[in-house]
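The values are calculated or read from the model by the stated rules, or taken from the named source; none is laboratory data. Since the structure is predicted, the reported quantities are computational estimates derived from the model, not experimental observations. Because the Cβ atoms are built from the backbone with ideal geometry, glycine has one as well, and the counts that use them run over all protein chains shown.
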Amino acid sequence: MIELPTTSGDGHTSETFVPVFSNEELVFTTDETAQIERWKSHYPTVDGAIMRVLWLAQEKFGYLAPEVIRLSAEATGIPYAKAYGVATFYTQYFKKKKGKHVLDVCTCFTCQLCGGYDILHYLEEKLGIKSGETTSDGEFTIQQAECLGACDAAPMLQVTNGRYVMQLTPEKIDAMLDALRDGKSLEFESMTLPQDADEMGGNRRSDTQAVLETKAPPIAETIL
Amino acid sequence: MEAKKDNSGRITDWRSYERVLLPSIKDLHRLDVYEENGGYQALRKVLVSDDWTPAKVTDEVKASGLRGRGGAGFPTGLKWSFMPPVDPEVPRFICCNGDESEPGTFKDRQLLEYNPHSLFEGILLACYAISAGTAFLYIRGEFADWITHIEVELAKLYEKGYAGKNIMGSDFSVEIVIHKGAGAYICGEESSLMNSLEGERAYPRVKPPFPAQKGVWGYPTTINNVETLAAIPTILNKGGDWFASVGAERHPGPVLYGVSGHVNRPGVYEYPTGILITDLIYKVAGGIRNGKKLKAIVPGGSSTPILRADMIEGVRMDAESLKEAGSMMGTAGMLVMDEDTDIVGFLRRITHFYHHESCGQCTPCREGTGWLEDIVSRLERGEGHYRDLDLLTDLCTQMEGRTVCALADAAAWPVRYTVERFRDEFEARCRPSLVPAGISI
């Protein structure tokens, strides 16, 4: 027998919507509003700015709860339903509360062959959670990501939709987790192009400290 | 060192080739360094001289034989000429596709990091050629760091008067808008990219009408890949003839090869098109790591058909040669697999990728990608049957060409060709199909 959801008198499910953020919290500051207006002016219609506004809202509130999407829609000047459709289409917009640091481990294609799953399992063991879960202290969430476009640096991961951490080893992961726990920011890592290494002896950018030399990727299943 | 030419006067020798897209110049990503090295000269030339009409720029690009570097390989000059005649009432747009999400592709990220101004100059030249007033640079959301980097450089461009109103004192004006995506493979498809820009869910559109007729917000639009546009300044500086003389005759020009996987030196390499695959693996990328043997390659991103080690002898990295060998050039992001690779597990991960990334608009793709993943997963667990292999092929036939965009084809090809070319490995995982009578399967 199929179990039907319990319904109230008006035919809607009895599940009531409880907002997480209060009305006092749900505001954009004057600076943020000015930025949103600038973005809106970049497109023929204001609709184009919704993705930027959702990004801003996610950075501010941590994730896109329905009321945050509503706030973004109102700030952009488009219907809530349309903003909701956009927010739920893309994987980088978080619809549920995540940990303070979201670790997107690439396991696709090259990373799979070069030990992406080993890195994922190492993280799972180390943090005591499964992929898709958040640690009980709310610090870390682990996720599997699709190709992040850094196949030359496989295996790699991305921290909270921001920094790439490339050429991962267990030691590098340990150091990264410690740094994130201590509230330190990770450095931008620049991959040396192999031809640059040949022709100019290394990285060509003088404004980047962390430079990764090209090296053969590890072997899957034996990395640990 | 002068690049060596072969008997027919073409630059095909990769050893003596001098890089133009990613030349070995320190800090080339900075505007001042880019200008010291001849940057924005092509733009200045076309804006100052009356001789360089927009039509002449398009003709030069046509003469160069440049084919799009985003995967489909469509001739760029021809694409530009599809734009309708200029009507001052109707705005025109350029979209630069920097959504680079095809697994195995990472060339555009290097361009954004090391030579973003060649891209900006290319965008401005393309805007001039098709008389567009606004350029949207769509970059995938994962490249957040690189978006920040190029936003800094774009601000310098505006400050210097190379973007915005009256560029270099002429009456040519272009606004460049950087649009940040948010993680959807489908946005690399041009019509879906346009929907994403317009603040819609990124569903692909039915074609025709093509973007040149009805693009973003219904206005004429041209969409080009990052690497394609970054090659435009070189074409105007060195001439279309020079570009056409580099590499393979029917697919000319320098190209960024992204070699990844089990090689000793993975990374992006700039060489002429038409390099031997064996040269690329063994000489350029340092051979297979740990002295192992080659098992297979995927030449241009996950959707291009896989090639066994015995199929790559004498095959070159250009559209024609790869087509003959039974694959495609794609994005030239090559994955190299050594002899220990589990092909069934590899295919399972690809099918998972397409299942995850299907936008859900068309039924054959939404359902088909899920079935592909389920069946290949069953095979990987050793619970599949021989008949599953034919079922997979049948499923591919029912997906190919039956959807709005090419994602269903891209999902079906790797399955079809991997099963065809490694059938023994798949069969080795199958259980016999003999089922006693009276037992339901």
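Counting only helices (runs of 4 or more DSSP H) that fall entirely inside the stretch B:97-172 and contain at least 3 residues that are out of contact with any strand residue (DSSP E or B) (no Cβ under 8 Å at 6 or more places or on another chain) and assigned by TED's automatic domain parsing to the domain that holds B:Ala230, the qualifying elements are B:116-130, B:144-160. Scan the stretch A:204-219 for residues that are within 24 Å of B:Ile288 (Cα to Cα) and crowded, with 19+ Cβ neighbours inside 10 Å and the total you get is 3.
When the stretch A:73-93 is limited to residues that are β-branched (Val, Ile, Thr) and within 27 Å of A:Glu146 (Cα to Cα), the one that is nearest to the other protein chains (Cβ to nearest Cβ) turns out to be A:Thr91. Within the stretch A:138-157, being under 19 Å from A:Pro218 (Cβ atoms) and either of a type in the set (S, T, N, Q) or not assigned by TED's automatic domain parsing to the domain that holds A:Glu125 (or both) holds for one residue alone: A:Gln144. Could we say that B:Ala132 is away from chain A (no Cβ under 12 Å) and either closer than 25 Å to B:Pro220 by Cα or surrounded by 22 or more Cβ atoms within 10 Å (Cβ to Cβ) (or both) here? Here the answer is yes, as B:Ala132 does meet what is asked.
Of the set (1) modelled with pLDDT under 95; (2) surrounded by 18 or more Cβ atoms within 10 Å (Cβ to Cβ); (3) closer than 30 Å to A:Cys108 by Cα; (4) among the aliphatic types (A, V, I, L, M), all apply to B:Ala72 but (2). Tell me yes or no: at least one residue of the stretch B:278-292 is at pLDDT below 95, farther than 26 Å from A:Glu199 by Cα, surrounded by fewer than 24 Cβ atoms within 10 Å (Cβ to Cβ) and within 14 Å of chain A (Cβ to nearest Cβ). Yes, the conditions are met somewhere in the stretch B:278-292.
Determine whether the stretch A:94-108 contains at least one residue that is touching a helix residue (DSSP H, G or I) at 6+ places or on another chain (Cβ under 9 Å) and among the aliphatic types (A, V, I, L, M). Yes, because at least one residue in the stretch A:94-108 is touching a helix residue (DSSP H, G or I) at 6+ places or on another chain (Cβ under 9 Å) and among the aliphatic types (A, V, I, L, M).
Every residue, every condition in (1) surrounded by 21 or more Cβ atoms within 10 Å (Cβ to Cβ); (2) not charged (D, E, K, R), yes or no:
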position: B:Ala319; (1), (2): no, yes
position: B:Met329; (1), (2): yes, yes
position: B:Ala332; (1), (2): yes, yes
position: B:Leu335; (1), (2): yes, yes
position: B:Asp338; (1), (2): no, no
position: B:Gly345; (1), (2): no, yes
position: B:His356; (1), (2): no, yes
position: B:Cys365; (1), (2): yes, yes
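Looking at the stretch B:253-329, the strands (runs of 3 or more DSSP E) lying wholly inside it that each contain 3 or more residues that are of a type outside the set (D, E, K, R) and under 26 Å from B:Asn115 (Cβ atoms) sit at B:254-261, B:267-272. Mind listing whichever residues of the stretch B:237-275 are more than 9 Å from chain A (Cβ to nearest Cβ), surrounded by fewer than 24 Cβ atoms within 10 Å (Cβ to Cβ) and more than 18 Å from B:Val315 (Cα to Cα)? Result: B:Asn237, B:Lys238, B:Gly239, B:Gly240, B:Asp241, B:Trp242, B:Ala244, B:Ser245. If you go through the stretch B:380-395 one residue at a time, do you hit one that is modelled with pLDDT of 95 or more, in contact with a helix residue (DSSP H, G or I) (Cβ under 9 Å, 6 or more places away or on another chain) and closer than 26 Å to B:Arg205 by Cβ? Yes, there is a match, as at least one residue in the stretch B:380-395 is modelled with pLDDT of 95 or more, in contact with a helix residue (DSSP H, G or I) (Cβ under 9 Å, 6 or more places away or on another chain) and closer than 26 Å to B:Arg205 by Cβ. Filtered by the rule that a residue be within 12 Å of another protein chain (Cβ to nearest Cβ), in contact with a Gly (Cβ under 7 Å, 6 or more places away or on another chain) and crowded, with 23+ Cβ neighbours inside 10 Å, the stretch B:75-100 gives B:Phe93, B:Asp99, B:Glu100. In the stretch B:370-400, of all residues being touching a residue at least 24 places away in the same chain (Cβ under 8 Å) and among the β-branched types (Val, Ile, Thr), the one that is farthest from B:Ile343 (Cα to Cα) corresponds to B:Thr393. For the stretch B:216-231, the condition holds for at least one residue, the condition being that it is out of contact with any helix residue (DSSP H, G or I) (no Cβ under 9 Å at 6 or more places or on another chain), surrounded by fewer than 24 Cβ atoms within 10 Å (Cβ to Cβ) and either at pLDDT 95 or above or not assigned by TED's automatic domain parsing to the domain that holds B:Gln110 (or both).
Would you call B:Val298 touching a residue at least 12 places away in the same chain (Cβ under 8 Å), farther than 28 Å from A:Gly115 by Cα and surrounded by 20 or more Cβ atoms within 10 Å (Cβ to Cβ)? No, not satisfied.
Entry remark, the stretch A:127-159: residues being surrounded by 19 or more Cβ atoms within 10 Å (Cβ to Cβ), of a type in the set (Val, Ile, Thr) and touching a His at 6+ places or on another chain (Cβ under 9 Å) number 1 in total. As a summary of the residue check, B:Arg201 satisfies the conditions (1) crowded, with 24+ Cβ neighbours inside 10 Å; (2) among the charged types (D, E, K, R); (3) farther than 30 Å from B:Gly314 by Cα except for the one numbered (1). Taken over the stretch B:379-424, the criterion of being of a type in the set (Lys, Arg) and either surrounded by fewer than 16 Cβ atoms within 10 Å (Cβ to Cβ) or over 25 Å from the mean Cα position of the chain (by Cα) (or both) is satisfied by B:Arg381, B:Arg387, B:Arg402, B:Arg423. Residues in the stretch B:301-314 that are closer than 23 Å to B:Arg265 by Cα and crowded, with 20+ Cβ neighbours inside 10 Å: B:Gly301, B:Ser302, B:Thr304, B:Ile306, B:Leu307, B:Ile312. For A:Val102, state whether it is touching a strand residue (DSSP E or B) at 6+ places or on another chain (Cβ under 9 Å), at pLDDT 95 or above, buried (at least 20 other Cβ atoms within 10 Å of the Cβ) and within 14 Å of another protein chain (Cβ to nearest Cβ). For A:Val102, the condition - touching a strand residue (DSSP E or B) at 6+ places or on another chain (Cβ under 9 Å), at pLDDT 95 or above, buried (at least 20 other Cβ atoms within 10 Å of the Cβ) and within 14 Å of another protein chain (Cβ to nearest Cβ) - is met. Give the number of residues within the stretch A:147-163 that are of a type outside the set (A, V, I, L, M, F, W, C), under 12 Å from the mean Cα position of the chain (by Cα) and within 7 Å of chain B (Cβ to nearest Cβ). Count: 4.
For B:Ser173, the conditions (1) away from chain A (no Cβ under 13 Å); (2) crowded, with 18+ Cβ neighbours inside 10 Å all hold with the exception of (2).
The single condition from (1) within 22 Å of the chain's Cα centre (by Cα); (2) surrounded by fewer than 17 Cβ atoms within 10 Å (Cβ to Cβ); (3) within 13 Å of chain B (Cβ to nearest Cβ) that A:Glu199 fails is (1). For the stretch A:89-101, the condition holds for at least one residue, the condition being that it is part of a helix (DSSP H, G or I), in contact with a Lys or Arg (Cβ under 6 Å, 6 or more places away or on another chain) and of a type outside the set (D, E, K, R).
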